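The values are calculated or read from the model by the stated rules, or taken from the named source; none is laboratory data. Worth saying up front: this structure is predicted, and the values here are computed from it rather than measured. Cβ: placed from backbone, ideal geometry, glycine included. Neighbour counts: every protein chain shown.
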Amino acid sequence: MEISTPGRVCLFGEHQDYLGLPVLAMAISLRSVIKSAPRNDSLVIIRKPDIGETEKFDLNNFKYSSSKDYFKSGLKVCKRFGFKFSKGFECDLRSKIPIKAGTSSSSSILVTWIHFLSQIADNAKKLDRNKIAELAYRAEVIEFNFPGGMMDQYSTSLGGLIYLESKPKISIEQIDTNLGAFVLGDSLEQKDTIGILSRCRDSRISILNKMKELNPQINFQIISLDQIDEYNLTADENALLSGTVKNRDLLFEAKKELNKPKLDQEFFGGLLSKHHSILRDDLRISTPKIELMLKSALEAGAYGGKINGSGGGGCMFAYCPNNPEEVRDAINNVGGRAHIVYADDGTTINTK
């Protein structure tokens with residue numbers, strides 16, 4: 001059995017979904033793959049040849065060894081859901097998604113893992129992609145009380161281009177627009193994902209709580225830019241909140257453009273660059289190398305681009321439907337590791 005799942009880029013709504021704000025995300029044509037074989041004992045063996053590691057544990061007696069012990073948490077969540085496992089198995093896990101670089105490599109692997117477990121359980125059954133995403137979200141975020149949102153699990157599981165709202169309830173719209181080529185550039189800079197997510201999330205939640213002392217009804221969904229001055233915020237608080245509102249409104253502008261009969265590619269690329277400017281200047285999550293890679297991509301003819309993921313390193317991407325090879329080379333020439341990518345299907349099973 002072979003199961004694969006894509007990575008993802010966040011087009012609009014970066015650092016917004018965990019605040020209950022919507023996102024526009026796209027699954028990309030770099031995927032993680034699990035191939036498996038059954039065992040006659042209760043051991044689980046997961047070989048990871050890309051990084052030269054092997055993980056082993058017993059189905060009947062395992063404890064978390066870290067706060068990112070996703071194979072065990074995925075198994076635990078599946079057991080709570082009702083799946084039963086009496087025999088062990090061994091797997092080979094490979095991935096072409098940049099690791100710890102903002103492209104949801106861990107979520108892609110966890111979605112692949114949940115999908116795999118649903119198929120090899122004693123009481124195996126086919127889960128729809130929404131349920132797989134929900135279980136992956138529980139295993140990755142809820143189980144370890146992480147600050148992330150739902151974008152990663154749903155975008156990698158469902159595939160394609162999605163508009164996701166998480167409040168007041170989960171609502172997903174799949175968008176059929178063919179955007180064409182992007183170039184994903186890995187800066188090869190390590191980043192502190194949890195630290196940056198916590199800083200960006202906690203600071204804005206603190207601002208909102210401060211505002212609620214004056215207006216208990218206020219929330220990120222409804223506040224407008226012209227209301228912000230009413231709340232006597234500090235300069236830093238004002239910048240963070242203004243950036244949040246501007247990014248929210250940019251997303252709706254981009255969604256409107258995506259739903260037009262003919263996409264204005266240059267305008268769409270410009271919206272991506274506007275989003276990046278806010279992430280750089282107000283949330284302060286970019287780096288000099290990311291800036292250099294984006295500058296080089298734009299000079300090579302890209303219509304726009306932005307940092308991808310939590311920031312502080314990791315990846316950027318550029319929108320370049322007409323000249324991806326030139327943009328790829330430009331990013332490589334300034335020290336990035338570039339990949340031409342397209343929208344791709346969600347988690348998929350292939351029986352061999």
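Report the residue count in region 185-214 for those that are free of Cβ contacts under 8 Å to residues at least 12 places away in the same chain and either of a type in the set (Asp, Glu) or in contact with a helix residue (DSSP H, G or I) (Cβ under 9 Å, 6 or more places away or on another chain) (or both).
Number satisfying all stated conditions: 2.
Mind checking whether some residue in region 61-71 is touching a residue at least 12 places away in the same chain (Cβ under 8 Å), under 19 Å from residue 156 (Cβ atoms), in the same structural domain as residue 36 (by TED's automatic domain parsing) and not in a helix (DSSP H, G or I)? It would help to see each step written out before you state the result.
Restricting attention to region 61-71, the residues satisfying the condition of being touching a residue at least 12 places away in the same chain (Cβ under 8 Å) are 62, 67-68, 70-71.
Next cut, under 19 Å from residue 156 (Cβ atoms) only: 68, 70-71.
Okay, now just the ones that are also in the same structural domain as residue 36 (by TED's automatic domain parsing), so 68, 70-71.
Filter once more, so that each one left must be not in a helix (DSSP H, G or I): 68.
For region 61-71, residues touching a residue at least 12 places away in the same chain (Cβ under 8 Å), under 19 Å from residue 156 (Cβ atoms), in the same structural domain as residue 36 (by TED's automatic domain parsing) and not in a helix (DSSP H, G or I): present.
Go through the residues of region 335-349 one by one and say whether even a single one is at pLDDT below 95 and either of a type in the set (Lys, Arg) or more than 20 Å from the chain's Cα centre (by Cα) (or both). Full working, then the answer.
Going through region 335-349, the residues at pLDDT below 95 turn out to be 349.
After this cut, where a residue has to be either of a type in the set (Lys, Arg) or more than 20 Å from the chain's Cα centre (by Cα) (or both) as well, the list is 349.
Scanning region 335-349 turns up at least one residue that is at pLDDT below 95 and either of a type in the set (Lys, Arg) or more than 20 Å from the chain's Cα centre (by Cα) (or both).
Restricting to region 164-205, what's the tally of residues that are part of a helix (DSSP H, G or I) and among the aliphatic types (A, V, I, L, M)? Full working, then the answer.
From region 164-205, those part of a helix (DSSP H, G or I) are 193-205; that's our starting set.
Now drop any that are not among the aliphatic types (A, V, I, L, M), which leaves 194, 196-197, 205.
Count: 4.
For residue 233, which of the numbered conditions (1) crowded, with 16+ Cβ neighbours inside 10 Å; (2) at pLDDT 95 or above; (3) farther than 23 Å from residue 23 by Cα fails to hold?
Unmet for residue 233, out of (1) crowded, with 16+ Cβ neighbours inside 10 Å; (2) at pLDDT 95 or above; (3) farther than 23 Å from residue 23 by Cα: (2).
Somewhere in region 43-58, is a residue assigned to a loop (DSSP other than H, G, I, E, B), outside the structural domain of residue 221 (by TED's automatic domain parsing) and crowded, with 16+ Cβ neighbours inside 10 Å?
No, that holds for no residue.
What number of residues in region 1-55 are under 24 Å from the mean Cα position of the chain (by Cα), at pLDDT 95 or above and of a type in the set (Val, Ile, Thr)?
Going through region 1-55 one residue at a time, the tally reaches 8.
Would region 237-251 turn up any residue that is over 23 Å from residue 163 (Cα atoms) and touching a Pro at 6+ places or on another chain (Cβ under 7 Å)? Working first, answer last.
Step one: of region 237-251, the residues over 23 Å from residue 163 (Cα atoms) are 237-240.
Still in the list and also touching a Pro at 6+ places or on another chain (Cβ under 7 Å): none.
No: zero hits.
For region 176-188, give me the residue count where each residue is buried (at least 17 other Cβ atoms within 10 Å of the Cβ) and out of contact with any Leu (no Cβ under 8 Å at 6 or more places or on another chain).
6
Restricting the first residue to region 238-255 and requiring it to be of a type in the set (Gly, Ala, Ser), which pairs with a second residue that is not in a helix (DSSP H, G or I) meet a Cβ separation below 7 Å and a spacing of at least six or different chains?
Pairs found: 239/282; 242/282; 243/282; 243/283; 254/11; 254/12; 254/24.
Give the residues of region 309-327 that are surrounded by 24 or more Cβ atoms within 10 Å (Cβ to Cβ) and at pLDDT 95 or above, sorted by residue number.
Scanning region 309-327 gives 315, 316, 317, 318, 319, 320, 327.
Which members of region 191-206 meet the condition of being farther than 14 Å from residue 21 by Cβ, of a type outside the set (Asp, Glu) and modelled with pLDDT of 85 or more? Steps first, answer last, please.
From region 191-206, those farther than 14 Å from residue 21 by Cβ are 191-199, 202-203, 206; that's our starting set.
So of that shortlist, the ones also of a type outside the set (Asp, Glu) come out as 191, 193-199, 203, 206.
Across region 191-206, the qualifying residues are 203, 206.
Can you confirm whether region 303-318 contains a residue that is in contact with a Leu (Cβ under 6 Å, 6 or more places away or on another chain) and aromatic (Phe, Trp, Tyr)?
Yes, region 303-318 has at least one match.
Out of the residues in region 83-136 meeting the condition of being free of Cβ contacts under 8 Å to residues at least 60 places away in the same chain and aliphatic (A, V, I, L, M), tell me which one is surrounded by the fewest Cβ atoms within 10 Å (Cβ to Cβ). Give the steps one after another, and end with the answer.
Applying the first criterion (free of Cβ contacts under 8 Å to residues at least 60 places away in the same chain) to region 83-136 yields 83-92, 99, 106, 110, 114, 117-118, 121-128, 130-131, 133-134.
Among the residues that remain, those that are also aliphatic (A, V, I, L, M) are: 99, 110, 114, 117, 121, 124, 127, 133.
Working: 99: 14, 110: 29, 114: 33, 117: 25, 121: 18, 124: 12, 127: 21, 133: 28.
Result: 124.
Could you please find all residues in region 301-352 being closer than 17 Å to residue 97 by Cα and of a type in the set (Phe, Trp, Tyr)?
317, 342
Could you list, in sequence order, all residues of region 74-96 that are in a helix (DSSP H, G or I), touching a Leu at 6+ places or on another chain (Cβ under 7 Å) and not aliphatic (A, V, I, L, M)?
Within region 74-96, the subset in a helix (DSSP H, G or I) is 74-81.
Subset that is touching a Leu at 6+ places or on another chain (Cβ under 7 Å): 74-75, 77-78, 81.
Passing the criteria: 74, 78, 81.
Check whether at least one residue in region 116-128 is assigned to a loop (DSSP other than H, G, I, E, B), among the polar types (S, T, N, Q) and modelled with pLDDT of 95 or more, and report yes or no. Lay out the reasoning, then the answer.
In the first step, residues of region 116-128 are kept if they are assigned to a loop (DSSP other than H, G, I, E, B); the result is 121-128.
So of that shortlist, the ones also among the polar types (S, T, N, Q) come out as 123.
Going one step further and asking which of them are modelled with pLDDT of 95 or more, we end up with 123.
Within region 116-128 (the criterion being assigned to a loop (DSSP other than H, G, I, E, B), among the polar types (S, T, N, Q) and modelled with pLDDT of 95 or more), the answer is yes, since at least one residue qualifies.
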